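Asks: This is the structure I want to talk about, given as structure tokens.
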Amino acid sequence: MEVQELILNYLKNKPNSSSKEIFEGLHSAVSYATVKRFLSRLLNEKQIIQQGNAKNSRYALSPTFNLFYPINLDEYFSKEIDEREILTGYNFSLIPETLQNVQLFTVQELTLLRDLQNKFSENIAQLSDFEYQKDMERLAIDLSWKSSQIEGNTYSLLETERLLKDKQTAAGKTKDEAIMLLNHKDAIDFVVANPDYFLLLSTAKVEELHSILIKELGVDRNIRTRRVGITGTNYRPLDNEFQIREALQQICDLINNRENIFEKTLFALVLLSYIQAFSDGNKRVARITANALLIANKYCPISFRTVDTVDYKKAMLLFYEQNNISAFKQVFINQFKFAVDNYF
């Protein structure tokens with residue numbers, strides 16, 4: 001294990017340590033001078049922060065570093081809910097401070113994503129309007145199916161296609177399952193028909209998408225006014241309506257102030273899910289909003305068709321509990337690549 005990784009692992013387990021404590025904790029794996037040199041490098045790279053001066057200096061992982069620290073999902077979730085050390089409450093500094101200037105993607109990741117987007121642009125330039133709409137319809141069916149499946153809907157992809165194309169419900173399924181799928185298609189159709197509408201995001205536009213997605217499902221519209229719990233985690237979102245609305249506005253401002261479309265999209269996916277602004281349908285809203293941003297900026301939309309539902313939920317829970325985006329970022333990259341390679 002490299003010196004840098006040794007130091008970072010030490011600080012992960014024992015934050016606010018002095019350089020001497022770090023050196024002693026590494027059990028003479030390296031010299032004290034080497035530890036000091038790497039601490040200086042990590043400070044310059046903003047992977048750690050320093051508190052105090054000179055002999056009183058103590059070090060900890062930076063909030064930005066926590067976003068990307070590699071975590072083994074299988075190992076992390078091998079612990080039961082009550083055994084995991086998590087951020088149980090909403091992180092008020094995450095959006096207005098930590099995420100303001102952070103770059104979500106590495107140079108290599110951005111290169112891959114931009115190459116894929118260029119491929120998409122070249123592909124659609126050769127399509128007629130009719131051909132483009134046919135592929136968009138295929139993607140919309142896949143997205144409606146997978147987004148609903150993530151929420152527990154039991155319709156198969158073929159049953160979903162029959163429902164959305166021919167309005168034929170599947171035997172043995174509930175009415176709400178069919179409505180959920182039809183609402184997804186309505187939301188996607190609304191986005192496709194009004195692409196420029198989502199060039200700038202607002203609280204009202206997010207609420208509008210939510211209203212479409214929960215239509216006739218017995219779910220309360222607008223920002224919730226009561227507490228909600230999330231299955232599978234002890235993380236508890238905000239329960240104050242005014243704080244929720246403020247957080248939602250912070251998300252919109254963060255997204256609107258970014259130029260990079262991939263960052264806009266990833267922020268929408270994780271943050272709209274994180275604050276849980278509505279009593280139900282938050283992840284559905286996040287996925288449709290993310291696609292609205294992609295379509296508005298002429299980027300390839302994503303269907304999430306090949307993502308494993310459990311992997312998606314684990315990546316999202318990791319962000320809830322640790323504010324760590326590493327797993328979900330990989331979900332996004334993989335699904336963007338799948339979309340470019342398989343649609344249009």
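Asks: Do we have residue 208 as of a type in the set (Asp, Glu), without any contact (Cβ under 8 Å) to a residue 40 or more places away in the chain and within 24 Å of residue 264 (Cα to Cα) here?
Replies: yes
Asks: Has region 110-130 got any residue that is farther than 20 Å from residue 276 by Cβ, assigned to a loop (DSSP other than H, G, I, E, B) and under 23 Å from the mean Cα position of the chain (by Cα)?
Replies: Checking region 110-130: not a single residue is farther than 20 Å from residue 276 by Cβ, assigned to a loop (DSSP other than H, G, I, E, B) and under 23 Å from the mean Cα position of the chain (by Cα).
Asks: Mind listing whichever residues of region 82-92 are of a type outside the set (Asp, Glu) and assigned to a helix (DSSP H, G or I)?
Replies: none
Asks: Only one of these is more than 20 Å from residue 301 (Cβ to Cβ), out of contact with any Phe, Trp or Tyr (no Cβ under 6 Å at 6 or more places or on another chain) and either assigned to a loop (DSSP other than H, G, I, E, B) or small (Gly, Ala, Ser) (or both): 244, 230. Name it.
Replies: 230
Asks: Here is a further query. What are the residues in region 70-112 that are closer than 17 Å to residue 332 by Cα and not assigned by TED's automatic domain parsing to the domain that holds residue 248, if any?
Replies: 70, 71, 73 - these are the residues of region 70-112 that are closer than 17 Å to residue 332 by Cα and not assigned by TED's automatic domain parsing to the domain that holds residue 248.
Asks: If the requirement is being assigned by TED's automatic domain parsing to the domain that holds residue 268 and surrounded by fewer than 16 Cβ atoms within 10 Å (Cβ to Cβ), which of these qualifies: 149, 168?
Replies: 168
Asks: Residues 169, 154: which one is in a loop (DSSP other than H, G, I, E, B), of a type outside the set (Phe, Trp, Tyr) and closer than 20 Å to residue 303 by Cβ?
Replies: 154
Asks: A further question follows. Just to be sure I understand the filter: pairs with C-beta atoms under 8 Å, separated by 6 or more residues or on different chains, first member in region 174-198 and under 17 Å from residue 280 (Cα atoms), second member acidic (Asp, Glu). Which pairs pass?
Replies: Note: pairs meeting the criteria are 179/216; 180/151; 183/216.
Asks: So which pairs qualify, if the first residue must be in region 288-309 and outside any loop (DSSP other than H, G, I, E, B), the second must be of a type in the set (Lys, Arg), the Cβ gap must be under 9 Å, and the two must be at least 6 apart or on different chains?
Replies: 289/205; 290/264; 292/205; 293/264; 294/264; 309/146
Asks: Which ones in region 35-71 are charged (D, E, K, R) and modelled with pLDDT of 90 or more?
Replies: Listed by number, the residues that qualify are 36, 37, 58.
Asks: So residue 2 clears everything in (1) of a type outside the set (Ser, Thr, Tyr); (2) over 32 Å from the mean Cα position of the chain (by Cα); (3) over 15 Å from residue 61 (Cα atoms) except one condition, right? Which one?
Replies: (2)
Asks: Which of the numbered conditions does residue 96 fail, given that it passes all the others? Conditions: (1) at pLDDT below 95; (2) within 19 Å of the chain's Cα centre (by Cα).
Replies: (1)
Asks: Still on this structure: For region 249-275, what are the residues that are farther than 18 Å from residue 199 by Cβ and either at pLDDT below 95 or surrounded by fewer than 21 Cβ atoms within 10 Å (Cβ to Cβ) (or both)?
Replies: 250
Asks: OK, next. Quick check on residue 95: is it β-branched (Val, Ile, Thr) and either in contact (Cβ under 8 Å) with a residue 40 or more places away in the chain or part of a helix (DSSP H, G or I) (or both)?
Replies: Here the answer is yes, as residue 95 does meet what is asked.
Asks: Another question about this same structure. When region 332-343 is examined, which residues are found to be surrounded by fewer than 22 Cβ atoms within 10 Å (Cβ to Cβ) and either in a helix (DSSP H, G or I) or at pLDDT below 95 (or both)?
Replies: 333, 334, 335, 337, 338, 340, 341, 342
The values are calculated or read from the model by the stated rules, or taken from the named source; none is laboratory data. Everything numeric in this text was worked out from a predicted model, so none of it was measured. Glycine also receives a Cβ, built like all others from the backbone with ideal geometry; neighbour counts cover every protein chain displayed.
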